[in-house]
Amino acid sequence: MDLGPFEADNSLSCRLSSEIPSICLEEDCCLGIDEAGRGPVLGPMVYGICFCPVSKKEDLKEMKVADSKTLTEAERENLFEKLDEAKSFIGWALQILSPNTISTSMLQRSKYNLNALSHDTAIGLVQFALDSGVQIKEVFVDTVGPAEKYEDKLSKIFPGITVTVRPKADSLFPVVSAASICAKVARDRIVKGWTFTEQLGEVDTDYGSGYPNDPKTKAWLLKYLDPVFGYPQFVRFSWSTAQTLMDSKSAAVHWDDDEEDGEKGAQKLNNKSMLSYFSSSGAAQSQTAAHRFFSERRLKNIDTL
């Protein structure tokens, strides 16, 4: 798995894929979809698909693939190598959603929540396989949101394909387990080898699991919070954990065009608002004597035309 295209700019999303087995261009295939890293506040979310001919389902099952969350890192790496070596009948593709992509999507003016982002990413991967010529007849998906609604949505988008959406699909269908392993291995490698472009010097990489309730993750978030610039792009700043820490630990900024934070905010800090310099009130005018340049030319301030 060559992560080079993503590592070249880890602020963007990236798609990686294996070669398409020739048998998958000729025979009816099944395809599984799963993700890794939906919940963590650190690192990317990776969506994966894995596909093989329907006639090879048993061969895939004999590899003893399982839900990636039940496997150790070494077991996942070993199983991924087996999947990658079986390129005569197994193919895979990944969509890596960078933390920056996730955050900017969720915080943009027209809200784009994580479920919608997940659905669109899964749909994009299925379409990628179809566009590559894979003869997909069955799709198995680990649900995001209500399973029935998601299944109905996918069935309408991909008519002619039998879609099955289930909770815990990664423990029910080997082809989803295989997708889960591909996604998890990619995420683990990315997190372990993350390059910080913010020039933070030698960064402590002991950030735990990346989940908000992990004490190591919390400690890392506190350590690398800049009071002005916030977090490096490794952090999903749209997560409530990050937002709460930034609100409580970062420097406060008051903007004059904010209804609540303009004049009132400045007064609370005993500062002058920028707007006060443009006040037409006589009381607000400066008492300092005018410069000679103005007095010699009989120039005066005016507040009406």
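The values are calculated or read from the model by the stated rules, or taken from the named source; none is laboratory data. The shown structure was predicted, so the numbers you read here are calculated from the model rather than taken from an experiment. Glycine gets a Cβ as well: all are built from the backbone with ideal geometry, and neighbour counts include every protein chain shown. Ligands, DNA and RNA are excluded from the accessible area calculation, which covers all protein heavy atoms including side chains. Shrake-Rupley method; radii C 1.70, N 1.55, O 1.52, S 1.80 Å.
How large is the translational diffusion coefficient of segment 1-152 in µm² per second when you combine the Kirkwood radius over alpha carbon pairs with Stokes-Einstein at 20 °C and 1.002 mPa s? Translational diffusion coefficient: 130 µm²/s. Listed by chain and number, the aspartates and glutamates whose alpha-carbon sits under 20 Å from that of Lys223, ignoring those within fewer than 8 places in the same chain, are Glu198, Glu202, Asp204, Asp206, Asp214, Asp247.
Rounded to the nearest 0.05, the FRET efficiency derived from the C-beta distance between Asn213 and Gln135 at R0 = 41 Å is 0.40. Compared with the direct C-alpha span, the chain from Ala251 to Ser171 gains 24.2 nm at full extension, assuming 0.36 nm per residue. Against the criterion of solvent-accessible heavy-atom surface with a 1.4 angstrom probe, Asp206, Asp131 sort, most first, into Asp131, Asp206. Listed values for segment 155-167 are Karplus-derived 3J(HN,Hα) couplings in whole Hz (6.51 cos²θ - 1.76 cosθ + 1.60, θ = phi - 60°), namely 5, 6, 6, 10, x, x, 10, 7, 9, 10, 10, 9, x, and x replaces Gly and Pro. Heavy-atom accessible area for Glu7, with the other protein chains in place and a 1.4 Å probe, reaches approximately 100 Å². Taking every protein chain into account, the 1.4 Å probe leaves Thr195 with about 80 Å² of accessible area, to the nearest ten.
In a Gaussian network model over the chain where Cα atoms closer than 10 Å are linked, find which of Pro159, Pro227, Pro53 has the largest mean-square fluctuation. Largest GNM mean-square fluctuation: Pro159. Sorting Ser180, Ser209 by solvent-accessible area of protein heavy atoms yields Ser209, Ser180, largest first, with a 1.4 Å probe. Accessible area per residue was computed with a 1.4 Å probe on protein heavy atoms; Thr70 scores about 100 Å². Annotation: lysines with alpha-carbon distance below 26 angstrom to Lys153 (same-chain offsets under eight excluded): Lys57, Lys111, Lys137, Lys168, Lys184. The alpha carbon convex hull volume per residue for the chain rounds to 214 Å³.
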